[in-house]
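Below is one structure, written out as structure tokens; the observations come after it.
The values are calculated or read from the model by the stated rules, or taken from the named source; none is laboratory data. In this text the structure is predicted, and so the values were computed from the model without any measurement. In this analysis, Cβ positions are derived from the backbone assuming ideal geometry, glycine residues included, and neighbour counts consider all displayed protein chains. When the accessible area is computed, the model is the full protein with side chains, heavy atoms only, and any ligands, DNA or RNA have been set aside. Shrake-Rupley method; radii C 1.70, N 1.55, O 1.52, S 1.80 Å.
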Amino acid sequence: VLIGQSGGVQNWHDVVLYLESEVLATLTPSERAVLELSTIFRYPMPLRALTSVPGTGFDDLKSLMDKSLIQHTSEDLYDVHDLIRETAARLRGLAEERELHRRAFEYLKEHIGTDPRYAIEAQYHARCASSPHEAAVIASDLGLSIIENGYLEEFMEELSALEESSLPPALGFTVKRLIGEILSIWGEWDMALQKFREAAIGFDKVGDLV
């Protein structure tokens, strides 16, 4: 729809320029706030998530849907096209990016109990908001439940990123233990044992310091 409205743009760069100058620039502040928040989430989200910014509501979301910037998917969820997501990301700075991740994290943290995947997404947004400690706390508290629900690849991606972060020792060793749990499920026995050993040695050292 957007490409058709642009008068026959021929390449990706033209599409992005068109979206920036002819579409996104015309949004009201509240519409822009809803769209920005929707583009920071990686998956379709419910209305209450996208309108959690003060001063925004369903009317803003409906206006964005009428403009083909947000689409209503199944089960009362809303999503944006990857092109819209990437274009919006081009237009914001690092501070704004982190603030949006922070807002997404705060929403997800309060609704983790409604969807096991929210726990993984909350970790992702916490990391992107430069808060790996908060991400690691969620991993520590809910890690075994996440594994039991079968989100192994997604959780491993977050754990691997956290393992490279600067974390308090106890949280860091818990991350290693959780990595070991997933590796053992995958049958990677040698690597799992190595992680279990690193975690055990680390916990012993922490215990000696207490």
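Using a 1.4 angstrom probe, figure out how much accessible area the range 53-210 has per residue, in square angstrom, rounded to the nearest whole.
54
Tilt of helix 169-185 relative to the longest C-alpha principal axis of the chain, in degrees (0 to 90, nearest 10)?
Helix 169-185 sits at roughly 90 degrees to that axis.
In whole percent, how big is the carbon plus sulfur part of the accessible area of the chain, probe 1.4 Å, protein atoms only? Mind showing how you got there, number by number?
Working: 5810 of 11040 Å².
On the chain, the fraction of accessible area on carbon and sulfur atoms equals 53 percent.
Tilt of helix 82-91 relative to the longest C-alpha principal axis of the chain, in degrees (0 to 90, nearest 10)?
Once rounded, the angle reads 90 degrees.
When all protein chains stay in place, what accessible area (Å², nearest 10, 1.4 Å probe) is found for Ser131?
20
Per residue of the chain, what 222 nm ellipticity follows from adding -39500 (n - 2.57) for every DSSP H run with n ≥ 4, rounded to the nearest 500? Write down the numbers at each step before the final one.
Values: 12 runs with 143 residues, N = 210.
Calculated from helices alone, the mean residue ellipticity at 222 nm is -21000 deg cm²/dmol.
Under the rule a/c < 1.5 gives rounded, and otherwise a/b versus b/c splits prolate from oblate, where does the range 130-200 land using the Cα gyration tensor? Mind showing how you got there, number by number?
Numbers: a/c = 1.88, a/b = 1.26, b/c = 1.49.
Oblate, because a/c is 1.5 or more while a/b does not exceed b/c.
Candidates (1) 20.4, 70; (2) 19.5, 62; (3) 18.7, 61; which is the computed Rg and Dmax of the Cα atoms in Å?
Evaluating Rg and Dmax of the Cα atoms in Å on these atoms matches (1).
Towards the positive end of the charge dipole of the range 98-203, with charges on Cβ (+1 Lys, Arg; -1 Asp, Glu), say which of Tyr151, Ala200, Pro169 has the farthest Cα.
Pro169
Rounded to the nearest 20 Debye, what is the dipole magnitude of the chain about its Cα centre when Lys and Arg each give +1 and Asp and Glu each give -1 at the C-beta?
I would put it at about 320 debye.
If you put +1 on each Lys and Arg Cβ and -1 on each Asp and Glu Cβ, how big is the dipole of the range 70-184 around its Cα centre, in Debye rounded to 20?
With Lys and Arg at +1 and Asp and Glu at -1, about 400 debye.
Between the range 109-179 and the range 35-58, how many Å separate their Cα centres?
The range 109-179 and the range 35-58 have Cα centres separated by 22 Å.
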